[in-house]
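Rule-based calculations on the coordinates, nothing more; no lab input. Remember, it's a predicted structure, so these values are computed and weren't measured experimentally. A quick note on method: Cβ atoms are made from the backbone with ideal geometry, for glycine too, and the neighbour counts reach across all protein chains shown.
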Amino acid sequence: MICFPKRALVNSFCLTSRVTPTVRVTILTPRYKFSTCHQMKRKGLEVESTDLPRAKKIKAPMATQKLPLTPQEQKLRKLLLDVASFIDEAKKIEEKIELRFAGGWVRDKLLGIPSHDIDTAINAMTGEDFCLQLQEYCTDPQNLEKHSLGPEDLGSIHIIAANPEKSKHLATATKRILGFDVDFVNLRKETYSVDSRHPQVEFGTAEEDALRRDATINSLFYNLRTDQVEDFCGGLEDIQAKRIRTPLEPLTTFTDDPLRVLRLIRFASRLGFKIDPETEVPMADPAVSEALKVKISRERVGVEVEKMLKGQNPLSALQLIDRLGLYQFVFTDPTMQDIPIPSTTNWHFAYDCLDVLKSNETPGSIYNSLVRSEDAKFIAWVLAAAAPWADVPLPQPAKSKTKLPLPFGTLVVREGIKATGKVCDVITGAFRNFVEITGLRDAIKRKDAYVHERDTIGMSIRRWDIQGKNWRLQVLLAILVEAMNKGQNSFEGLFSEWQLFIDHLMDMDVMDAPSLKLLVNGDELKAALGGVKPGMWMKPALDVCVGWQLRNPGNEDKEGAINEVKMKRKELKIPDAK
């Protein structure tokens, strides 16, 4: 529920006004002390107490700091300040407009990270109303000339509706200005009830807006009027210390909205920061973990996981999920009852293995040969995340002719983190072809005779690719699972065996077998066989042609491939032409 004050109609404008609170919010100390109740252990960390009382409230001055802006940022600042003056001079609302850049942009600016996404918080007006006034201000040619604005400098207004199920509790107006994507929303405070993670939202002060945020480093404001960073929660100190804390008492913060647990993990991994121990303890609280599994939409979980795995340090994100014991709450399928829970005891070997592989991207290396695009890099980390599910037996169909059910790992990435069909296809193929892929690796190590048959190996690779797309990433999963199952800190022997596998396939020139251009197509084959009608025989007959191509690389003689099909006509059950 969103509660706003009464609206005032002034000069025929319907703009939102706000009553200034009579009680000023108190500021919380940057550090909290908690009582000790009982001991809780988890992987890699022994901590005490999950019964955490609220922090003591104290009076504290607001910290400030100058923030150097680029010329384009200064141009945006001056434009928005003039719009605020335009609104103030028209006396359309009682309170003077005060604008602040908020959250992530301020944090990244202080860290020297370029960003073109700016959240702008408004003290006494909704984002949509402010954008409408901005638009009216820019209809005056003199204002456009003053700020040197051309048609390409101002985009249209887009309203992003509130969606509590996706942790978006208030509508936002967004507009493209001077090359920046600027979101406008009013300052607010949020009040949570015990039985819901959806807060009651009201207009608030800058302090109240800062305190409702997930981390102190995200609670900073840049005040456009004073040209100062405003810090109500100790965020500047935490940025300097590379530390992540919550503005309010952590257990309450995570109980109110468990998604904040994943957000803090993402920020820690992206920025290379450490989560403060007193904040990390309740992140592993059983009540918070269970709420994360059942209360947060899986689409929102998927967004956070995707950002982690596409970020600067996905390894750190997976390490934190592992250490906090959150695997079964993040990488799960909440739609299934009695789903088996894989062991994560050796999971760290899988993601550590991928990180070590990634450290060697030289030509011909395992990683360079298997991970060949930015998209593949992301899927590689999804595979590392899903690796524990490889040890769960594949579900079997109820009847012999029933379509094969999807592996549990596929269901987990599809329903648990809402991965795309492309990602799910790779997971499915990797889990189903795991035994055959590792079997070929073993055969190459033993030097079995068939591993030198180019058509046999090439057709196997083509089959893997058809069944799950991107056969190279399917091989990568086999490596990660083997690393996990062996449970050895050194991967040298493992890498040696799989490098031999890659080198052998390269020597045979079959790495690109799935993209082999067919020498003979279906129509040509039908005509050569006397105009026989197509049927079940067509695919295996074309496979015979592909096998002939693989045995005769560089040979463009279509008749050679067709004659081989004719010789196997009875075996392929090709009917006689009418």
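Mean separation of Cα pairs under 8 Å and 6 or more residues apart, divided by the residue count, gives the stretch 184-316 a relative contact order of 20 percent. Helix 492-507: angle to the longest alpha-carbon principal axis of the chain, degrees 0 to 90, nearest 10? The helix 492-507 is inclined about 60 degrees to the chain.
Distance distribution note for the chain: the fraction of Cα pairs above 41 angstrom is 41%. The angle between the Cα long axis of helix 314-323 and the main principal axis of the chain comes to about 80°, on a 0 to 90 degree scale.
The ellipsoid equivalent to the alpha-carbon distribution of the stretch 322-366 has semi-axes of 30, 12, 9 angstrom, derived from the gyration tensor eigenvalues as √(5λ) and listed largest first.
Computed from the alpha carbon atoms alone, the convex hull of the stretch 392-480 holds 118 Å³ per residue. Reported value for the stretch 287-411: 138 Å³ per residue, from the convex hull of its C-alpha atoms.
Extension gain for GLN488-LEU500 works out to 2.4 nm (0.36 nm per residue, less the C-alpha to C-alpha distance). Working from Cα positions, state the angle (0 to 90°, nearest 10) between the long axis of helix 471-486 and the longest principal axis of the chain. Compared with the principal axis, the helix lies near 80 degrees. Inter-label distance, ASP576 to THR362: 6.4 nm, where each label sits 7 Å from its Cα along the C-beta direction. Let me know the shape class of the stretch 522-567, please: from the alpha-carbon gyration tensor, a ≥ b ≥ c as square roots of the eigenvalues, rounded when a/c is under 1.5, otherwise prolate if a/b is greater than b/c, or oblate. Since a/c reaches 1.5 and a/b is larger than b/c, the shape of the stretch 522-567 is classed as prolate. Between LEU69 and ASP442, full extension at 0.36 nm per residue minus the direct alpha carbon distance yields a gain of 128.3 nm. Sorting the segments 132-138, 426-432, 153-159 by their mean number of nearby beta carbons within 10 angstrom, highest to lowest, gives 426-432, 132-138, 153-159.
Shape summary: the stretch 480-554 maps onto an equivalent ellipsoid whose semi-axes, from the alpha-carbon gyration tensor, are 41, 15, 7 Å in decreasing order. Contact order, relative form, for the chain: 10 percent (alpha carbon pairs under 8 Å, 6 or more residues apart, mean separation divided by residue count). Computed over the stretch 416-568, the quotient of the alpha carbon radius of gyration and 2.2 N^0.38 Å is 1.22. Can you work out the base-10 log of I(q)/I(0) for the stretch 331-515 at q = 0.19 1/Å, using the Debye formula on its C-alpha atoms alone? After summing over all Cα pairs, the log10 values are -1.38.
Here the 3J(HN,Hα) profile of the stretch 215-226, calculated from phi with Karplus coefficients 6.51, -1.76 and 1.60 at θ = phi - 60°, is 8, 4, 5, 9, 9, 7, 10, 10, 7, 5, 6, 7 Hz, Gly and Pro shown as x. So what is the diffusion coefficient of the stretch 435-519 in µm² per second by Stokes-Einstein at 20 °C and 1.002 mPa s, using a Kirkwood Rh over Cα pairs? The Stokes-Einstein estimate is 159 µm²/s.
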